[in-house]
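Novice: Okay, handing you the structure first.
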Amino acid sequence: MTDLLIGQTLSFAGTPVTDGAGAARHSARGGVIVEGGRITAVGEADELRASRPDARVTDYGSALISAGFIDAHVHYPQTAIIASWGKRLIDWLNSYTFPEEMKFADPAYAAKIAARYVDLALAHGTTSMCSYTTIHPASVDAFFEQARARGLRAWAGKTCMDRNAPEALCDTPRSAYDDSKRLLERWHGVDRLSYVVTPRFSPTSTPDQLAAMGALWAEHPDCLMQTHLSEQPDEVAWVRSLFPRARDYLDTYEAHGLLGPGALFGHAIHLEPREISRIGEVDASLIHCPTSNTFIGSGLFDMDGLARGGHRIGLATDTGGGSSFSMLRTMAAAYEVAQLRGHALHPAKLWWLATQGAARSLRADDRIGNLAPGMEADIAVIDLASTPAIAQRAARAGDLWEAIFPTIMMGDDRAVKAVWVGGKLQ
Ligand code: GUN
Ligand code: ZN
């Protein structure tokens, strides 16, 4: 079966963060040909219709056809505690997160929340995500089973902790290594799934556990490695007291083999100059989680400085420290955070960060995150007039970006008209 999707199309021929909005490609009446799970052509609707008369046509009118959103850092087990009031990071973990994560000792609960999370993500137009789990191996199985059942390209790993967490949420260096290895061997490369080596963060891992994670990653360098870095000042001070010989927070990872091109560092707000240059040198990724950083009171990520420095940056909800499942709301928060630092992020940059930029941070931009021949057909169709408030503002738009920006700032799952995953309509 060949499909032709018709609507406004938006894709990228370059990187708006460095090349400006001219890197975007837009057609007011464009089309996308989908065959065998992949995009095989992108062009003008009339031309594609004439050249492929066999194709089944789905006409989305004036809706925007884009690559599906990619969420580069989520904690699916925190789905049910999103929007929990009144705490900063360490108290928030102890009060809300750890008690909830203990429930994942029950595989049936893990399966229920994994299904709920994946369905919520899809309803918000998110077609790929990179998730933390809990210390329980069954929480990893639960996530991958749900993602696989929906055909998603998804990343996840067992969250490892062996100190400064409740007893029931602690593994050991040995069990963390063994369980992670077993899960990696079970899931990495199955269908569209990838395993990610996942020490939660330095405060909850002993040096021995960090070294065990580093050893596992060295044995599987094709895997990504995800963790948290410099989210709140109290956390940075805690890391300094736990690792008195480390040069800085990043060094607690680097010294244990956890710094390399496939490393993903969530938050990365309160960075030292050495950390910034070292991350740039190895070309690791920084994951910006703006709704989380305002919600938990963490601080203002330096998008402008880090992007100009050439850092690889992804965008993410950080569900459920983040306050939304929506990458539209996440783009809005990224815009607001940049404004608070004195920079207006162009809508082209925001959209790119939520699609191709996030894919690039996961080193998968050769497969997902853009509408282009050869890419996997993960597509979100976005209604740019999904509520009366958005519609009335978009009606005044003088150009494409003015038409899109109200949806970025005010849109949610009501804007998601259709989602295609691996060439299949969800
Ligand atoms: N740092 C360590 N664990 C977490 C987590 O679950 N959420 C956030 N936002 N930061 C963390
Ligand atoms: Zn996180």
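Novice: In this structure, does Ser277 turn out to be more than 16 Å from Arg360 (Cβ to Cβ), modelled with pLDDT of 95 or more and buried (at least 21 other Cβ atoms within 10 Å of the Cβ)?
Specialist: No: the conditions fail for Ser277.
Novice: Can you tell me which residue in segment 17-71 is farthest from the chain's Cα centre (by Cα), limited to those that are assigned to a helix (DSSP H, G or I) and within 23 Å of Ser326 (Cβ to Cβ)?
Specialist: Ala21
Novice: Among (1) more than 30 Å from Tyr195 (Cα to Cα); (2) assigned to a loop (DSSP other than H, G, I, E, B), which single condition is Ser84 missing?
Specialist: Here Ser84 clears every test but (1).
Novice: Collect the residues in segment 81-90 that are closer than 30 Å to Pro107 by Cβ and more than 16 Å from ligand 2 (Cβ to nearest atom), keeping them in residue-number order.
Specialist: Selection gives Trp85 alone.
Novice: Which one of the conditions (1) within 15 Å of ligand 1 (Cβ to nearest atom); (2) among the β-branched types (Val, Ile, Thr); (3) not in a strand (DSSP E or B) does Val118 fail to meet, given that it meets all the rest?
Specialist: So the condition that Val118 fails would be (1).
Novice: Any residue that is under 19 Å from Arg150 (Cβ atoms) and touching a residue at least 60 places away in the same chain (Cβ under 8 Å) - is there at least one of those in segment 78-100?
Specialist: Within segment 78-100, one or more residues are under 19 Å from Arg150 (Cβ atoms) and touching a residue at least 60 places away in the same chain (Cβ under 8 Å).
Novice: Do we find that Ala24 is surrounded by fewer than 21 Cβ atoms within 10 Å (Cβ to Cβ) and not β-branched (Val, Ile, Thr) in this structure?
Specialist: Judged against the criteria, Ala24 is not a match.
Novice: Considering only residues that are within 16 Å of ligand 2 (Cβ to nearest atom) and aliphatic (A, V, I, L, M), look in segment 252-283 and name the one that is farthest from Ala72 (Cα to Cα).
Specialist: So the residue we want is Leu258.
Novice: Under 8 Å between Cβ atoms, at least 6 apart or on separate chains: pull out the pairs that start in segment 290-318 with a residue that is part of a strand (DSSP E or B) and end on any residue that is away from ligand 2 (no atom under 15 Å from the Cβ) and among the small types (Gly, Ala, Ser).
Specialist: Listed by first residue and then by second, the contacts come to Arg312/Ala284; Ile313/Ala307; Ile313/Gly357; Gly314/Gly357; Leu315/Ala334; Leu315/Ala354; Leu315/Gly357.
Novice: I need a count of the residues in segment 125-150 that are more than 18 Å from the chain's Cα centre (by Cα), more than 16 Å from ligand 2 (Cβ to nearest atom) and part of a loop (DSSP other than H, G, I, E, B).
Specialist: Number of matching residues: 1.
Novice: Name, by its number, the condition in (1) of a type outside the set (S, T, N, Q); (2) farther than 22 Å from Cys160 by Cβ; (3) away from ligand 1 (no atom under 15 Å from the Cβ); (4) touching a residue at least 24 places away in the same chain (Cβ under 8 Å) that does not hold for Gly262.
Specialist: (2)
Novice: For residues that are of a type in the set (Asp, Glu) and either within 14 Å of ligand 1 (Cβ to nearest atom) or in a loop (DSSP other than H, G, I, E, B) (or both), tally how many sit in segment 201-246.
Specialist: Looking only at that region, the number is 4.
Novice: Which one is farthest from ligand 1 (Cβ to nearest atom) among residues in segment 87-108 that are under 15 Å from Phe295 (Cα atoms), out of contact with any Ser or Thr (no Cβ under 6 Å at 6 or more places or on another chain) and in a helix (DSSP H, G or I)?
Specialist: Among those residues, the one meeting the criterion is Asp91.
Novice: Kindly indicate whether Arg363 is in a loop (DSSP other than H, G, I, E, B), charged (D, E, K, R) and touching an Asp or Glu at 6+ places or on another chain (Cβ under 9 Å).
Specialist: Against the criterion (in a loop (DSSP other than H, G, I, E, B), charged (D, E, K, R) and touching an Asp or Glu at 6+ places or on another chain (Cβ under 9 Å)), Arg363 does not qualify.
Novice: Sticking with this one: Could you count how many residues in segment 164-195 are farther than 18 Å from Ile368 by Cβ, assigned to a loop (DSSP other than H, G, I, E, B) and of a type in the set (A, V, I, L, M)?
Specialist: 1
Novice: Does segment 218-229 include one or more residues that are charged (D, E, K, R), more than 16 Å from ligand 2 (Cβ to nearest atom) and surrounded by 17 or more Cβ atoms within 10 Å (Cβ to Cβ)?
Specialist: The answer is no; no qualifying residue exists.
The values are calculated or read from the model by the stated rules, or taken from the named source; none is laboratory data. Model, not experiment: these values are computed from the prediction. As a convention, Cβ positions derive from the backbone with ideal geometry for all residues, glycine included, and neighbour counts pool all protein chains shown.
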